[in-house]
Every structure is written in structure tokens, then in C-alpha cells.
Amino acid sequence: MNTQTINMLEYNKIKEQLASHALNKATKEQIEKLQPSSNLSVIQSWMLDTTEAKRILEKSASVPIANLNGLEQVLEIPKKGLNLSPEQLTLIFGLLENVSRMQRFMKDKASVGPSVSSYAYSMFDLSDLKEEIYRCIRNGRVDDHASKALLKVRKKITVVEERIKSKLDNMMKSSVYRDMLQDQIVSMRDGRYVIPVKSKYKRNIDGQVLDSSSSGATVYIEPHDIRKLQTEISMLRAEEEIEISMILGVLTGMVASYERELHITIEAMIHYDFIFAKAKYSRTLDAKSVALNQENRIKIVNGKHPLIGEKCVPLHFNLGINYQSLIITGPNTGGKTVAIKTVGLLTLMVQIGLHVPVDEGSEFAVFRDVFVDIGDGQSIEQSLSTFSSHMTTIISILKDAGPQDLVILDELGAGTDPSEGMGLAVAILERLYSKGSMILATTHYSEIKEFASVTPGFENGSMDFNLETLQPTYSLIIGKAGKSQAFSIAKKLGMDDEIIHRAQLISGKESYPHVDKDDSSMFSTDEFIQHKNLRDKAQSKVKKYQEKPLKTGEQLGEVFHIGDRVFVSSLKAAGIVYKLENDHGELGVLVGESKHIIHKKRLKLHIESKMLYPDNYDMDIVFESKENRKKNNSMNKRHIEGLSIEREDH
């Protein structure tokens, strides 16, 4: 999965939240490296693991996951020729104990999690190693009974220590030494027993000074009477160390012989930690398993963005069933970006085997890759404008995207001249569609909404807007193009009706017609001044025609074609030629949803059809109703008794 997608969809935040439910450092590191798969069977297996683990948690929340921190490093020590310490052997014992507990735990979970429970039997119990460690290591040290030799030498040490303590106790109780001692306490210095003597009496006691206090008031003396016993005990302790080393060497050798089995067991325990982290995360999100397919179908029922939480408005979404591309429009801050991010992020989550916050009936496609261009990608370091940065990303997407990919584009074509941006946007959409990619895009351009409404494979969607409260509802409506709501909001806020009506005429709900600076015959003086001022601020939709004066049909001769965009002076509105000129010099013009017969003198050419539609474009898509087109297709295939097409003609 490309880095752009991971960053823009905030995939790493999902991994951070998932990792917070893992117990071991190794598991967290594995989650950090986690990448979506494009293999359907692998994802299905991952999803099944999450589902079964969640069922197991519902039955018993306490899963005996072992503490593995530091174990991988412990297994490297024998390779260096060193012995494992009692503490390190205790870690291994703890792992093996957890294996036994996990196998017992999973034994009765086969009914709710047959796949997950079976993993317990891939781990090795290693009972001989576990029992030997238990026999030899107790409370973080080698036990006396680890060997007969160790038991014997420790008993000797105990006897000698008792003799030393007895001699020292006698000295401390003696009236001869009572006033010379600083305290009635026996202590040790460098492994040898000493008594605390007041500094001024140090020459009165036969022995060797081994230490003194920081103030110098006390010296610690080893009495001469116990020096021989001290030497004996030192020799016994050396024997003890040798015996301990031999025992630890045997245990280390056993561990080394089971290195492969221990690594497999550790990996299985990490896998369990990972699976149950996914299950815990699913419970946190109140998420569910989903159906998967390789037919590029996405159906989301009540989906929520996992990083927004309960405040998120549920998303109803589908793609790839009746259309390949969805174009979402609507006002700013209406939730368009959140909607497309939700689709993209949930797709990535599904492809790492996570449950997602949706309702039953949801279905996700398994994509080879997900390509995303969202937000302000301005690169200061590369001196790229926002538009240039977006174009760089989109060029890369156009190069790499294919039929098994999902492409998500936010504010397509924005950041440049509207006419050029709109043209680029449509061309990009056409190219991605031809490559078979699934497309999810947002835009403000009304022309792209029109393009989506008449182009097979495309569908419009919009973010709902409450005109009463002047607030977005953040709900996605598929099958309906969005509006900027500028007129509605202005009217609601008290804008004069005449101004709003005039603005609607000027915009034509479609485009802003070009008027030559010398042609003011269609307006009064005041209207023309207002019209000119507005026109000077507006940008023409087709730059090629910006500097050309509009000519009437009479000036041009018979040059109008089906599909030409014209301006009707009598209606002060733009329209599309749907019927060629008759003997009276009249043409059929579609204005909005109404058809009119208008003399060519009242028509001015705005944009030629060849600039609006590709070669061999089926104009019935523009002029005919959907019902009539269906009837026409049926009648072309065979005769159908009683079926007829009614066409409006003026």
C-alpha cells in the first residue's frame, strides 16, 4: 500500500489504537509493520480469526497470554556460549507454564472458535524442560536440591557460618569487648564477617581492619579467631559457584536444544496476542465482520469513521453494483471528505482482517491497491503549489491504477482556472473509468455533476443540507447531485428576492453566458451595467470562447448542429439545440427541462457541440427521458406489441 494512502487516510492511527490492546512489545512491533493484503483467502482467514476471538472474549474475557518481553533476547544468549541466569530461566518457565494454561483454556473453546483454539496445539509444552527448570530454579536462584553436590557444599557453608556467628556472638556478649563495640551487630564486608569497633579501640582487638565508616568513628574488624573459618567458607563458596555454573550449563543446553520449538511457541503466543488485540479493538468500536468479494462491490450500512466515534453520522454507501464511479457534491463542511475517508479507511481495515463499525449486510471489495488524493498536499520543500502537488499525485495514480483498484479523489480539478479544472477533472475521470478503476470523487463543479448524470457507469451523490437550520446533516444521498445552496442560504438569510432571481437568471443554473461588450440590445442600460460587472468577475467555462463575440444564426448562416450550446435572447437563458432548422428558420432548443421552437435570429452560438461531447456521442442521453431510452433499446431488439414512445414536440 502506497505511503500517500496510509498518511491521508490516517491508517497509522488505526494501528496505534490496535496496538494499545496488545500486551507484548513484539506484538506491537508486528502491528506497526502490518500492511493490507489483496489476497481474498488470506483476508477471510484473518477476519475469521477476529470473529472467533471476539466470541471467545464474550465467553471468557481473561485469556492467558504470556509475557514475552525479553524472551527473544534470552534465546540468543546460548549462541554466545554463555549460561542463562536463574532469572532468564524463570522467564522461559513462565512461557511454558502459559502454554499449558493456554492449551487448557482453548480446550473447551473449540465450539465457539474452532480455528483460533486450534493454534494452541501448534505450541510446544516441553514438559521435560519445564519440570527441570522448576526442580532446579526456585525464587530466582538455583535450589539446594538441584544436585547432590550443591546440597552438600551448601550444608558445609551453613555449618561454618554457624561457627563464625557463634564466635562473633560470644565476642559481642563478652564484658571485655562490650565498651569497645559501636553496635551489637554483625555485618559483612567483601563477603567476610566483621564487627563494628570504636575507632579509638581498634588496636585493642586482635584482627584485621577491612573497612571504616564515612565519619571515621567506626572501623570494621575481622577478628583473628574467625579468619581461618572465613578462608574455609570462601573456598566452599567457590565450590558452590562451580556447581551452580554446571547446573545452569545443563539447563542452558536443554534450552538451546529446544530453540526451534521455543521460537515457534513464541510466534504462536504473539499471534494469539495479535488476534485477541483485534478482538478487543472490535469490541471497543462495536464493530462487525463483513462479507468480502472480488467483484469491486462495496456496500456500507450505517458505517462510522473509526476515529470520530459516536458523534459520527452513519454512512450509507454503495459502489460497483449499478455504477463504477460516484461523484459526491455539496457545500463546504458538509462532510464530503469525511465520507470518502470513511470508505477508504474502512477498506484498509477490512484488508488487514479487522472488524469495522458497520451494520449487518455490509460488504467490501478486496482491492489490489487504494489510491488517494485528499486535502492540501502543498509541498513547500519542492516549491509546488497546491494544484501542482495534486496533479503530481494524480499523474502517479493515472500511471499505476488498474481494474482492481479503488481511486479516491477529493475536490477534483480544484485550485486552478474553473474551465480548465473542470476539463481536467472530466478527462481524468474518463481515463480512470477506461482503466476499470473504481472511482470515488468529490467536486464543486456543476459540469461534472452533469457529466455524471448522463455518462454510463457514473452516479451522482450529495451531502444532505437542512435549509431550515442552514446546517449540513452530514448524510450521503446517492442518486442526487448536490447543490452549493448559495441561493437558498442567501434567501434564508434575508437577501432580496429580486436579487436572487436576477442571480439565477445570470447563472442560468448552468453557466454564465458570454455577451460581447458592444452587444447590449438584450438588456436595459442599468441591467447591462449590472450584467457587465458580474460578467467581468465571472470566468468563462470554455476558455477558447472567451474572446469570441457571440454571433446570431442569421450572421452565421445555417451552422447550428445538434448539441450546440446557444444563448436565447428572448428567454435570457442558455440552452442546447435538439432539433435542426426548419423551413421557417426555427430550431428546437432545450432550455432547462423545457423544449422550445425558436427562430435562429434570437439564438447566439455559445459553445459548439464538438467542444461539449465526444465523437459519436449518443445525444438521446441528453434529450430523451430514461424511460424512452429503455423503450427504444427494447424496440430495437424486437417488436413489442403495444409499446410506443411519446415525444414532446412544439
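Values quoted throughout were computed directly from the atomic coordinates according to the rules given, and no laboratory measurement underlies them. All of these numbers come straight from a predicted model, not from anything done at the bench. Every residue, glycine as well, gets a Cβ built from its backbone with ideal geometry; the counts of neighbours run over all protein chains shown.
I need the calculated FRET efficiency for the pair residue 597 and residue 398, taking r as the beta carbon distance and R₀ as 56 Å, to the nearest 0.05.
0.80
May I ask for the percentage of alpha-carbon pairs in segment 276-332 that lie more than 17 Å from each other? Before the final figure, lay out the partial values.
Values: 881 of 1596 pairs.
Of all Cα-Cα distances in segment 276-332, 55 percent exceed 17 Å.
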Inset, instruction - Give, in nm to one decimal, the length gained when the segment between residue 87 and residue 73 is fully stretched (0.36 nm per residue of separation minus the Cα-Cα distance). - result: 3.7 nm
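Over all distinct Cα pairs, what is the inverse of the mean 1/r for segment 102-208, reported as the Kirkwood hydrodynamic radius in Å? Please report the intermediate quantities before stating the final value.
Values: mean 1/r = 0.0517 Å⁻¹.
Result for segment 102-208, one decimal place: 19.3 Å.
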Legend entry - Approximate spin-label separation residue 478-residue 29, in nm, with each point projected 7 Å along Cα-to-Cβ: 4.3 nm
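Tell me, in nm to one decimal, what length is gained between residue 40 and residue 505 on full extension, where the rule is 0.36 nm per residue of separation less the Cα-Cα distance?
Numbers: separation 465, 0.36 × 465 = 167.40 nm, distance 5.37 nm.
Gain in length upon complete extension: 162.0 nm.
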Inset, instruction - For a quick protection proxy, order the peptides 30-40, 586-596 by their average other-Cβ count within 10 Å, most packed first. - result: 586-596, 30-40
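Set the Förster distance to 51 Å, then compute FRET efficiency between residue 48 and residue 492 from the Cβ-Cβ distance, nearest 0.05.
Details: r = 52 Å, r/R0 = 1.02.
My answer for the efficiency is 0.45.
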Legend entry - Chain lengthening between residue 316 and residue 134 when straightened (0.36 nm per residue, less Cα-Cα): 59.7 nm
